Amino acid sequence: AKSHGETRDCEQPDPMSLDALFQPLQLGGLTLPNRVIMAPLTRARATPGNVPTALMAQYYAQRADCGLIVSEATAVDPLGMGWYRVPGLWTSDMVEGWAHVTGAVHSAGGKIFAQLWHMGRLVLPDYIGGAQPLGPSPIAGEGQTFAPPPPDYVGGFLPMKAYVVPREMTHGDIAHAVEAYGTGAANALVAGFDGVEIHAANGYLIDQFLQSNANHRSDAYGGDLAGRSRLLREVLEAVTAAVGPGRVGIRISPTSARKGMGDENPDALADAVAALAQEFGIAYMHLIEPIASGFMERPDNPVIERIRAIFRGVVIQNGSFDAPAANACIAAGKADAVSFGRPYIANPDLVMRMRGGHPLAVADMDHAYVGDACGYTDYPLFAGSV
Ligand SMILES: Cc1cc2nc3c(=O)[nH]c(=O)nc-3n(C[C@H](O)[C@H](O)[C@H](O)COP(=O)(O)O)c2cc1C
């Protein structure tokens with residue numbers, strides 16, 4: 001058995017060369033210059049009113065030489081927003097703030113998709129005026145999350161509170177959420193994003209509908225896989241109608257048990273989502289599988305090959321990769337690209353470091369989710385770089 005944090009065991013056809021990782025890749029209408037994807041990373045540097053900042057533009061522009069940036073999770077609706085200083089995409093101020101970010105990334109030669117987010121049952125009532133959060137069924141997520149700051153807050157770690165039992169969403173609530181995804185996608189294009197990624201991973205709203213232990217509904221949005229994936233189907237309809245399928249990706253984590261998630265049959269779930277993605281002809285599927293320590297356990301039965309067999313678009317794999325493992329995974333044909341999350345915190349020049357075989361800087365996780373420039377935009381380039 002391998003411990004967490006080790007890289008996954010793809011075949012290693014040529015460990016000395018990283019050729020596969022640095023080949024261009026066609027993704028929808030875009031040609032990515034390499035197959036290093038920046039994974040979405042919530043960093044909580046927006047304003048308290050959820051508007052993207054100039055500091056965020058600087059941060060993303062520093063990382064623009066990867067194949068594609070997927071933005072941090074971005075709330076599409078106030079009822080789906082439950083994290084202090086994360087960005088949103090539902091007001092004109094937010095769109096304008098994001099336009100500065102996408103402009104800075106494009107000026108630096110990069111490409112960026114917006115990750116569209118609704119937290120569902122993982123929203124604390126504190127963020128929504130004391131109301132009960134929304135979920136498929138009255139079942140609380142497991143664990144706790146950051147509460148909003150107290151009045152005397154001067155920075156640093158926020159207090160934590162346990163997740164609460166959500167209110168079972170009515171059909172009206174579901175229709176509202178679907179519409180918010182469609183509007184969020186349209187707003188993303190207005191803000192200059194190259195496309196959008198539907199966040200259906202990590203125990204948030206869409207994942208809550210998909211996975212059997214969070215969805216006990218007996219109506220058309222629960223029960224069998226056709227029912228549990230109905231919300232995702234409707235979100236795909238709304239989002240592809242707004243921006244076109246070639247600008248859409250979806251992120252999933254069907255084998256994750258974090259935050260009280262779990263599915264009776266992750267293989268069948270992966271097949272069903274891959275079939276939906278194929279039906280809508282979207283650009284990519286982004287799979288979190290093994291095994292970021294602190295994020296997910298290594299799954300007993302990885303699903304990437306099942307997805308590959310059903311979905312003909314681009315497949316991006318994620319989870320504790322380093323450059324040789326990512327290259328080997330792509331060279332073996334298991335994925336088309338690999339995304340890197342934690343390595344991007346401390347290495348704005350990750351592509352250059354991996355190309356040159358240089359060591360990676362280690363992230364200061366105390367500033368992962370809180371702070372301003374410190375631990376965010378102040379990581380230096382590799383000392384040997386020009
Ligand atoms: C600080 C931090 C913030 C994250 N925020 C998001 C997010 O907004 N959306 C998402 O889908 N995943 C998020 N993740 C998960 C990462 O995208 C990624 O799946 C995870 O870090 C494993 O990849 P890695 O081993 O390359 O770090 C976050 C992870 C970290 C460490």
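Every number here is computed from the coordinates shown, using simple stated rules; none is lab data. Bear in mind the structure is a predicted one, so any value in this text is a computation, not a measurement. A quick note on method: Cβ atoms are made from the backbone with ideal geometry, for glycine too, and the neighbour counts reach across all protein chains shown.
Working from label points 7 Å from Cα in the Cα-to-Cβ sense, the residue 366 to residue 26 distance is 5.0 nm.
Please give the FRET efficiency for residue 167 paired with residue 275, using the beta carbon to beta carbon distance and R0 = 30 Å, rounded to the nearest 0.05. Using R0 = 30 Å, I get an efficiency of 0.45.
Taking trypsin sites (Lys or Arg not before Pro) as exposed when DSSP calls them loop (any state but H, G, I, E, B) and at most 15 other Cβ atoms lie within 10 Å, what is the longest stretch of the chain free of them, the sites themselves excluded?
Values: sites that count: 2, 312.
Counting only loop sites that pass the neighbour cut-off, the longest clear stretch is 3-311.
For the stretch 356-377, the residues whose amide N sits under 20 Å from a probe point set 7 Å from the Cα of residue 322 along the beta carbon direction are 356-365.
In the chain, the DSSP beta bridges split such that about 15 percent are antiparallel, to the nearest 5. Relative to the Cα centre, the charge distribution of the chain, modelled as +1 at Lys and Arg Cβ and -1 at Asp and Glu Cβ, gives a dipole magnitude of about 220 debye. Taking amide H as placed 1.01 Å from N in the peptide plane, the amide H of residue 342 sits under 5 Å from none that are at least 5 places away or on another chain. Counting only GluC sites (Glu not before Pro) that are in a DSSP loop and have at most 16 other C-beta atoms within 10 Å, tell me the longest site-free stretch of the chain. Of all site-free stretches, the longest is 12-141. When you restrict to C-alpha pairs under 8 Å that are six or more residues apart and normalise by the size of the stretch 20-367, the relative contact order lands at 16 percent. The ellipsoid equivalent to the alpha-carbon distribution of the stretch 48-93 has semi-axes of 22, 12, 9 angstrom, derived from the gyration tensor eigenvalues as √(5λ) and listed largest first. The orientation-averaged projected area of the convex hull spanned by the Cα atoms of the chain comes to 17.4 nm². Scanning residues 5 or more positions from residue 195 or on other chains, those with amide H under 5 Å from its amide H are 114, with H placed 1.01 Å from N in the peptide plane. The 3J(HN,Hα) values that the Karplus relation (6.51, -1.76, 1.60; θ = phi - 60°) gives for the stretch 38-54 are, in residue order, 7, 5, x, 9, 5, 10, 6, 10, 6, 6, x, x, 6, 9, x, 10, 4 Hz. Gly and Pro appear as x. Backbone phi angles across the stretch 188-199, fed through the Karplus curve with coefficients 6.51, -1.76 and 1.60 (θ = phi - 60°), yield HN-Hα couplings of 4, 5, 4, 6, x, 5, 7, x, 9, 10, 7, 7 Hz in residue order; Gly and Pro are listed as x.
Residue separation of residue 55 and residue 358 scaled by 0.36 nm, minus their Cα-Cα distance, works out to 106.4 nm of gained length. Extents of the stretch 196-275, taken as max minus min of Cα coordinates on every principal axis and listed largest first, are 33, 25, 19 Å.
Taking label positions 7 Å along the Cα-Cβ direction at both residue 241 and residue 373, the computed distance is 4.6 nm, reported to one decimal.
Short to long, the 5 Å bins of the Cα pair-distance histogram for the stretch 106-177 hold 3, 14, 18, 19, 13, 11, 10, 8, 3, 0 percent of all pairs.
Between residue 381 and residue 108, the distance separating the two model label sites (each 7 Å from Cα on the Cα→Cβ line) works out to 1.1 nm.
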